[in-house]
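One structure below.
Computed from the coordinates by the stated procedures, all read-outs in this text should not be read as laboratory data. In this text the structure is predicted, and so the values were computed from the model without any measurement. Glycine also receives a Cβ, built like all others from the backbone with ideal geometry; neighbour counts cover every protein chain displayed.
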Amino acid sequence: MSVQKTTQQKVIVSGKGETKQHAFASALAEIQNKLMASAKVLLRIEPVNVEVLKAVENKYTERFLFFFFPRQRVNYEVELSVTVTVTEIRLADVPFTQHLTEDPNGIVLPFVTKKI
């Protein structure tokens, strides 16, 4: 009896970074956080398709003390629509057996039959 379930989901994530690679890595790292919010036991998250919804390059000139040492700064923002295949464990299908035990943290006193 298999307790695994495989589904496909579409997740929209966004990321920012100082380079294109950092922006994409930030967005792709957000996929797991969004899927874990649904409180499942996930075995595998496998991206199937990635679509770029928005890709923005922000350029600005930065100066020291408003006049000195001008330099160009660039920030990147991306928004992605990622189709992922999610393999999870269905906890409702897992048969648990129950064992009743005495209190494992109790202290046995020699003159008293009950544990404290």
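Which one of these does Thr61 not meet: (1) under 30 Å from Gln4 (Cα atoms); (2) among the polar types (S, T, N, Q); (3) assigned to a strand (DSSP E or B)?
With (1) under 30 Å from Gln4 (Cα atoms); (2) among the polar types (S, T, N, Q); (3) assigned to a strand (DSSP E or B) applied to Thr61, the lone miss is (1).
Tyr60 passes all but one of (1) over 30 Å from Val94 (Cα atoms); (2) touching a Ser or Thr at 6+ places or on another chain (Cβ under 6 Å); which number fails?
With (1) over 30 Å from Val94 (Cα atoms); (2) touching a Ser or Thr at 6+ places or on another chain (Cβ under 6 Å) applied to Tyr60, the lone miss is (2).
Give Val82, Val56, Val50 a once-over and let me know the one that is in a strand (DSSP E or B), loosely packed, with under 12 Cβ neighbours inside 10 Å and among the β-branched types (Val, Ile, Thr).
Values: Val82 fails: loosely packed, with under 12 Cβ neighbours inside 10 Å; Val50 fails: loosely packed, with under 12 Cβ neighbours inside 10 Å.
Every option except Val56 fails the conditions.
Testing Ala29 on (1) part of a helix (DSSP H, G or I); (2) surrounded by 13 or more Cβ atoms within 10 Å (Cβ to Cβ), one condition comes back false. Which one is that?
Unmet for Ala29, out of (1) part of a helix (DSSP H, G or I); (2) surrounded by 13 or more Cβ atoms within 10 Å (Cβ to Cβ): (2).
Name every residue in the stretch 23-59 that is aliphatic (A, V, I, L, M), without any contact (Cβ under 8 Å) to a residue 40 or more places away in the chain and out of contact with any Leu (no Cβ under 8 Å at 6 or more places or on another chain), in order of residue number.
Initially, the stretch 23-59 is screened for residues aliphatic (A, V, I, L, M), giving 23, 25, 27-29, 31, 35-37, 39, 41-43, 45, 48, 50, 52-53, 55-56.
Cutting the leftovers down to without any contact (Cβ under 8 Å) to a residue 40 or more places away in the chain gives us 25, 29, 36-37, 39, 50, 52, 55-56.
Residues satisfying the conditions are Ala25, Ala29, Ala37, Ala39, Ala55, Val56.
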